[in-house]
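The structure appears right after this line, and notes come after that.
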Amino acid sequence: MPACSFAQRFNASEKSIILSGDTATMLRVTQITEAQELKVLTSVSADINPKDPLIKVLARRMYLAMRDVRRPGIGIAGPQVGINRNIIWVKRYDKEGEPFELYLNPKITWRSELLRKGQEGCLSIPDAIGDVVRHHSIRLKYTDQSGQEKEEIIEGFTAVIFQHETDHLNGILFTERLKEQEGKAYYSLAGQLDFMTEKRYSRP
Ligand SMILES: [Zn+2]
């Protein structure tokens, strides 16, 4: 029996948020500036039962919130719409057509030692951007929209989005990562590592 069978369906207060509007309306994006919403943003989320019929409604309303023309994002997590459940949308820059995809109960099961630094912002934190150190590659376990359990290795900027969104599921904001990284020393590989291809190499 898969582990997800033990995940609870949405409770009454989650249902009332999900059904507060129809699938043509976006959910409100929670902000750290609101005490009640900050509490949701800093809480650890629970797994979602992939069979819950309300996932479709939640996913659609989350998607609309993420793609709000006033401040479009490239990823969103459950707590950002007031739901402490393990559900995220991520823009797959590493796939053809760069589609947005939905992931249920995502878990990072491996992180590369190789790190990368890149600029991040967050829909829940007004006016903040910063350079965050993340793992270059990750292995991700998740359940897809059809209920299939999957695992894959993801690299580069797309892996950064997954790390930012799964942090949200653990109640961690990127500003907390910045603080944590302030005192750390990083060993730069510049000059130590040469990236190259063979001279005769031709693209397939
Ligand atoms: Zn965020």
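Computed 3J(HN,Hα) for the range 83-98, one whole-Hz value per residue from the Karplus formula 6.51 cos²θ - 1.76 cosθ + 1.60 where θ = phi - 60°, is 10, 7, 10, 7, 8, 9, 10, 9, 7, 8, 4, 8, 10, 4, x, 6, glycine and proline marked x. Each stretch of four or more DSSP H residues adds -39500 (n - 2.57); spread over every residue of the chain, this sum gives -7000 deg cm²/dmol at 222 nm.
Considering only 123, 32, 42, the residue lying farthest towards the positive end of the dipole of the chain is 123, judged by Cα position with unit charges set on Cβ.
Hey, got the dipole for the range 119-167? About the Cα centre, +1 on K and R Cβ, -1 on D and E Cβ, debye to the nearest 20? All intermediate terms of the calculation are to be shown ahead of the outcome.
Values: 4 positive and 10 negative charges, 25 e Å.
Charge dipole of the range 119-167: 120 debye, to the nearest 20.
For the range 1-96, the direction-averaged projected area of the alpha-carbon convex hull comes to 7.6 nm².
Taking all protein chains in place and a 1.4 Å probe, what share, in percent, of the accessible surface of the chain do carbon and sulfur account for?
On the way: 6160 of 12080 Å².
That share works out to 51 percent.
Going by a ≥ b ≥ c, the root eigenvalues of the Cα gyration tensor, does the range 96-198 fall in the rounded group (a/c under 1.5), the prolate group (a/b larger than b/c) or the oblate group? Mind dumping the intermediate values first?
On the way: a/c = 1.89, a/b = 1.19, b/c = 1.58.
Oblate shape, in that a/c is at least 1.5 and b/c is the bigger or equal ratio.
Against the chain, whose longest principal axis comes from its Cα atoms, helix 156-169 is set at around 40 degrees.
Compute the whole-percent fraction of alpha carbon pairs in the chain spaced more than 22 Å apart. Everything past 22 Å amounts to 51 percent. Stretching the chain fully between residue 144 and residue 33 yields a gain of 36.7 nm (0.36 nm per residue, less the alpha carbon separation).
For the chain, the solvent-accessible area with a 1.4 angstrom probe is 59 square angstrom per residue.
Within the shell of other residues whose beta carbon sits under 11 angstrom from the beta carbon of residue 186, the net charge comes to +3, with Lys and Arg scored +1 and Asp and Glu -1. Close amide H contacts of residue 171 (hydrogens built in the peptide plane, cut-off under 5 Å, sequence separation of 5 or more or a different chain): 45.
The values are calculated or read from the model by the stated rules, or taken from the named source; none is laboratory data. These figures come from a predicted structure and were not determined experimentally. Cβ atoms come from the backbone with ideal geometry, glycine included; neighbour counts cover every protein chain shown. Only protein heavy atoms, including side chains, enter the accessible area calculation; ligands, DNA and RNA are left aside. Shrake-Rupley method; radii C 1.70, N 1.55, O 1.52, S 1.80 Å.
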